[in-house]
Amino acid sequence: MSTEPESLPFAAYQNEIYVAGVGGARPAIPLTPSGLEQRASELLSPEAFGYVAGGAGTEATVAANRAALDRRQLIPRHLRGVASRSLETELLGTRLPAPVLMAPIGAIGIVHTDGELGIAAAARATGVPFILSTVSSNPMETVATAAGEVARWFQLYWPRDREVCRSLVQRAEASGYGAIVLTVDTFQLAWRPRDLEHGFLPFLHGDGIANYLTDPVFRSQLPVPPEEDPRPAIAHWAEVFANPTLTWSDLPFLREITSLPIVLKGIQHPDDARRALDAGVDGIVVSNHGGRQVDGAIGSLDALPTVVDAVGGDIPILFDGGIRSGSDALKAIALGARAVLIGRPYAYALGIGGSEALTDFLRGFLAELEITIGLCGLQRPSEATPELLTA
Ligand SMILES: Cc1cc2nc3c(=O)[nH]c(=O)nc-3n(C[C@H](O)[C@H](O)[C@H](O)COP(=O)(O)O)c2cc1C
């Protein structure tokens, strides 16, 4: 059995940290999920922290996401020869270094001035792809340039205006985004008490609307250019952003305007998963938007097995909602997710120390995943099955 250090490329970070402890630099962030959130709460403005940490209503679904993960426990297997491991994962025709992506997080410029440029730099440093939100703080082309060759996808909030929709999607395709992730659970913002108490919505302050302000179709609909007066642009953004009229019958339009794979994000019900499959989508993200939309909704991990059953392996299923550690990722993978999206924790890391802190966070996450997979008796994520978990 091979024991070369290269066989555990991510876990090597653990040794780096221990050695640094005897004289070098240690990670720039707290490494426990609660410590990370606590540090972010100390450093960010109350409005920015509330926006990231908060959820819909009583935040019962934020809690349900965690409870669903905590309820299931890993049952390690031993004496299986796991010196060599690989986290490499194939997803929509791309080989990823690990089954981990950064979830779309809108208006991330409110946590750090680098915004998505910091995300792109950390993605380059680690190979972890990111999904750029429609409501990003930097224009998608600028972020694409910063990302270089690293894999990235574009998350779409389908605007009310089809021509703006077409333009956003085609810009994403032209600037090298590898898939369109259509978020279906946010055609209207939920009742979010923390933001309401602060009277804070980043977009109305002009943060998170860069893709619209740089869009030729959107701009052509404005009475004056946003550089002259941003107010009509912000008002128009509020008119076009959300689209509660969407139905399954709109999906062929998206198929028509792009040759990229289409992934639906926000699926929780098996019937919707079957519908998505019938509609010919290329992937699904089981997600409840981090408990930010329907308060009292099912914990996302509890929805995963039924969606996996409904889809029957025909298209890859991704998962998010409460992922805080490598062990959490392994649990979702064992239940049938091909990969997981990290949400809030990476926003906290970026907020604490920009792309360097985010890189440290991602390296730690990948190290923990690689270590935990081995400690559970596996060499690669694809070997994980529901038998790895308590019911
Ligand atoms: C501050 C914040 C902004 C978000 N913005 C978007 C977005 O623009 N588009 C989207 O599809 N999901 C968005 N999400 C949802 C995430 O992509 C992801 O589904 C969620 O964060 C996962 O839950 P977790 O953070 O608890 O792990 C956002 C989440 C947060 C916390």
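The values are calculated or read from the model by the stated rules, or taken from the named source; none is laboratory data. Only a predicted model underlies this, so the values are computations on that prediction, with no experimental measurement involved. A quick note on method: Cβ atoms are made from the backbone with ideal geometry, for glycine too, and the neighbour counts reach across all protein chains shown. We work out accessible area using only protein heavy atoms, side chains counted, and drop any ligands, DNA or RNA first. Shrake-Rupley method; radii C 1.70, N 1.55, O 1.52, S 1.80 Å.
Restrict the check to region 45-58 and report whether at least one residue is within 23 Å of residue 327 (Cα to Cα), among the hydroxyl-bearing types (Ser, Thr, Tyr) and open to solvent by 30 Å² or more (accessible area, probe 1.4 Å).
At the first step, the residues of region 45-58 found to be within 23 Å of residue 327 (Cα to Cα) are 52-53.
Now drop any that are not among the hydroxyl-bearing types (Ser, Thr, Tyr), which leaves none.
No, there is no match, as no residue in region 45-58 is within 23 Å of residue 327 (Cα to Cα), among the hydroxyl-bearing types (Ser, Thr, Tyr) and open to solvent by 30 Å² or more (accessible area, probe 1.4 Å).
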Check: Are any residues in region 198-212 open to solvent by less than 40 Å² (accessible area, probe 1.4 Å) and of a type in the set (Gly, Ala, Ser), and if so, which ones?
Finding: 206, 208, 210
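Looking at region 66-73, can you tell me whether even one residue there is touching a Phe, Trp or Tyr at 6+ places or on another chain (Cβ under 9 Å) and in a helix (DSSP H, G or I)? Give the steps one after another, and end with the answer.
Restricting attention to region 66-73, the residues satisfying the condition of being touching a Phe, Trp or Tyr at 6+ places or on another chain (Cβ under 9 Å) are none.
The answer is no, given that none of the residues of region 66-73 is touching a Phe, Trp or Tyr at 6+ places or on another chain (Cβ under 9 Å) and in a helix (DSSP H, G or I).
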Notebook entry, point to check: Assuming residue 15 fulfils every condition listed in (1) under 20 Å from residue 354 (Cβ atoms); (2) open to solvent by 90 Å² or more (accessible area, probe 1.4 Å); (3) in a helix (DSSP H, G or I); (4) not small (Gly, Ala, Ser) apart from one, which condition is it?
Noted result: (1)
Notebook entry, point to check: What single numbered condition from (1) more than 15 Å from the ligand (Cβ to nearest atom); (2) free of Cβ contacts under 8 Å to residues at least 24 places away in the same chain; (3) open to solvent by less than 60 Å² (accessible area, probe 1.4 Å) fails to hold for residue 95?
Noted result: (3)
Margin query: Need pairs with beta-carbon distance below 6 Å; first residue at positive phi and within region 344-372, second buried (at least 24 other Cβ atoms within 10 Å of the Cβ); sequence gap 6+ or separate chains.
Written below: 354/112; 354/118
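To keep it simple, each residue is scored yes or no on (1) within 16 Å of the ligand (Cβ to nearest atom); (2) in a helix (DSSP H, G or I); (3) crowded, with 17+ Cβ neighbours inside 10 Å.
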| position | (1), (2), (3) |
| --- | --- |
| 23 | no, no, no |
| 35 | no, yes, no |
| 40 | yes, yes, yes |
| 84 | no, no, no |
Next item on the list: Being within 11 Å of the ligand (Cβ to nearest atom) and hydroxyl-bearing (Ser, Thr, Tyr) is the filter; apply it to region 44-64 and report the residue that is nearest to residue 289 (Cα to Cα).
Entry: 61
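Working carefully through the options 61, 142, find the one that is in a helix (DSSP H, G or I), closer than 25 Å to residue 316 by Cα and not acidic (Asp, Glu).
Details: 142 fails: closer than 25 Å to residue 316 by Cα.
That would be 61, the only listed residue that is in a helix (DSSP H, G or I), closer than 25 Å to residue 316 by Cα and not acidic (Asp, Glu).
Please specify each residue of region 133-168 satisfying the condition of being among the β-branched types (Val, Ile, Thr) and away from the ligand (no atom under 15 Å from the Cβ). It would help to see each step written out before you state the result.
Initial filter on region 133-168 (among the β-branched types (Val, Ile, Thr)): 134-135, 142-143, 145, 150, 164.
Of everything in region 133-168, those that are among the β-branched types (Val, Ile, Thr) and away from the ligand (no atom under 15 Å from the Cβ) turn out to be 142, 145, 150, 164.
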Checklist line | Top-ranked residue in region 101-132 [being open to solvent by 10 Å² or more (accessible area, probe 1.4 Å) and within 11 Å of the ligand (Cβ to nearest atom); ranked as nearest to residue 209 (Cα to Cα)] | finding: 106
Check: Got a sec? Which of 275, 292 is more than 13 Å from the ligand (Cβ to nearest atom) and basic (Lys, Arg)?
Finding: 275
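Does residue 74 satisfy the criteria of being within 16 Å of the chain's Cα centre (by Cα), surrounded by 13 or more Cβ atoms within 10 Å (Cβ to Cβ), of a type outside the set (D, E, K, R) and modelled with pLDDT of 95 or more?
For residue 74, the condition - within 16 Å of the chain's Cα centre (by Cα), surrounded by 13 or more Cβ atoms within 10 Å (Cβ to Cβ), of a type outside the set (D, E, K, R) and modelled with pLDDT of 95 or more - is not met.
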Item checked: Total residues in region 249-276, condition touching a Lys or Arg at 6+ places or on another chain (Cβ under 8 Å) and among the basic types (Lys, Arg) -> 0
Margin query: If the requirement is being open to solvent by less than 70 Å² (accessible area, probe 1.4 Å), within 16 Å of residue 107 (Cα to Cα) and among the acidic types (Asp, Glu), which of these qualifies: 185, 195, 215?
Written below: 195
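I'd like to check which strands (runs of 3 or more DSSP E) are fully inside region 240-344 and have at least 3 residues that are open to solvent by 10 Å² or more (accessible area, probe 1.4 Å), farther than 15 Å from residue 104 by Cβ and out of contact with any helix residue (DSSP H, G or I) (no Cβ under 9 Å at 6 or more places or on another chain). Give the steps one after another, and end with the answer.
Details: elements: 262-267, 283-286, 317-319, 339-342.
Correct list: empty, since no element meets the threshold.
Check whether at least one residue in region 377-384 is open to solvent by less than 20 Å² (accessible area, probe 1.4 Å), modelled with pLDDT of 95 or more and closer than 15 Å to residue 69 by Cβ, and report yes or no. Don't jump to the end; show me each part of the working.
Going residue by residue through region 377-384, those that are open to solvent by less than 20 Å² (accessible area, probe 1.4 Å) are 377-378, 381, 384.
Still in the list and also modelled with pLDDT of 95 or more: 377-378, 381, 384.
From the residues that got through so far, the ones that are closer than 15 Å to residue 69 by Cβ too are 384.
Within region 377-384, one or more residues are open to solvent by less than 20 Å² (accessible area, probe 1.4 Å), modelled with pLDDT of 95 or more and closer than 15 Å to residue 69 by Cβ.
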